[in-house]
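Encoded as C-alpha cells, the structure appears first; notes follow it.
The values are calculated or read from the model by the stated rules, or taken from the named source; none is laboratory data. Quick caveat, the model's predicted, so the values are computed rather than measured. When we count neighbours, we look across all protein chains shown, and the Cβ atoms used for this are built from the backbone with ideal geometry, even at glycine. Surface areas here come from the heavy atoms of the whole protein model, side chains and all, with no ligands, DNA or RNA. Shrake-Rupley method; radii C 1.70, N 1.55, O 1.52, S 1.80 Å.
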Amino acid sequence: MKKISTTKAPAAIGPYSQGMILGNLVFSSGQIPVIPETGEIAGDTIAEQAEQSCKNVGEVLAAGGSSYEKVVKTTCFLADMADFPAFNSVYEKYFVSLPARSCVAVKTLPKGVLCEVEAIAYREEE
C-alpha cells in the first residue's frame with residue numbers, strides 16, 4: 001500500500017491519508033469543499049460546494065495516477081437530500097464514466113459542509 005499526498009487537495013485533518021494506492025486501485029478519502037490554498041469552504045450553495053469537492057477528488061486521483069474517467073465507484077454524502085438534483089448537475093460533469101454510486105443523506109458533515117465525495121478508481125500499475 002502507498003499513501004497519496006498532494007498539496008492540490010486539502011490536507012487530512014485527522015488520522016487518515018488523502019488516499020491510498022493498492023495495486024491498480026486508487027481509493028480517495030472523502031473530499032469536502034475545502035479550497036486547498038486557503039483552507040476555506042468554497043461557497044454557500046450545494047453547486048459551489050459540489051464543484052470544489054469534485055475538484056478535490058480529481059486532484060487526489062491524479063496524485064494516485066488515475067483520473068475521473070477511470071472511476072469505478074463513488075460514494076456521495078449530502079447534508080440535505082433536497083440538494084440531490086443540484087448536486088447531480090455538478091457531479092455529472094466530472095464523473096463521465098458513469099461509475100457505480102451510492103448517495104446518502106447524513107445528519108452532519110465535517111465543518112458543516114453540504115456534501116462530501118469519495119471515489120475508487122483504476123490505474124495502470126507501475
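Here are a few things to note about the model shown:
- Per-region count, segment 50-66, residues farther than 21 Å from P110 by Cα and without any contact (Cβ under 8 Å) to a residue 60 or more places away in the chain: 3
- The single condition among (1) in contact with a strand residue (DSSP E or B) (Cβ under 8 Å, 6 or more places away or on another chain); (2) within 27 Å of D44 (Cα to Cα) that V90 does not satisfy is (1).
Conditions tested, residue by residue: (1) of a type outside the set (A, V, I, L, M); (2) in contact with a Pro (Cβ under 9 Å, 6 or more places away or on another chain); (3) more than 24 Å from P15 (Cβ to Cβ).
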position: T45; (1), (2), (3): yes, no, yes
position: E51; (1), (2), (3): yes, yes, yes
position: V57; (1), (2), (3): no, no, no
position: G64; (1), (2), (3): yes, no, no
position: F77; (1), (2), (3): yes, no, no
position: M81; (1), (2), (3): no, no, yes
position: F84; (1), (2), (3): yes, no, yes
position: N88; (1), (2), (3): yes, no, yes
position: E92; (1), (2), (3): yes, no, yes
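- Of all residues in segment 107-126 being among the β-branched types (V, I, T) and under 21 Å from E40 (Cα atoms), the one that is modelled with the lowest pLDDT: T108
- Subset of segment 107-126 that is open to solvent by less than 40 Å² (accessible area, probe 1.4 Å) and assigned to a strand (DSSP E or B) - its residue that is farthest from I32 (Cα to Cα): A121
- Here K73, K55 are screened, and the one residue that is closer than 25 Å to E125 by Cα and in contact with a Lys or Arg (Cβ under 8 Å, 6 or more places away or on another chain) is K73.
- Residue count for segment 20-44, restricted to those that are touching a helix residue (DSSP H, G or I) at 6+ places or on another chain (Cβ under 7 Å) and on the phi > 0 side of the Ramachandran plot: 1
- Among all positions in segment 32-42, there is at least one residue which is free of Cβ contacts under 8 Å to residues at least 12 places away in the same chain and touching a Pro at 6+ places or on another chain (Cβ under 8 Å).
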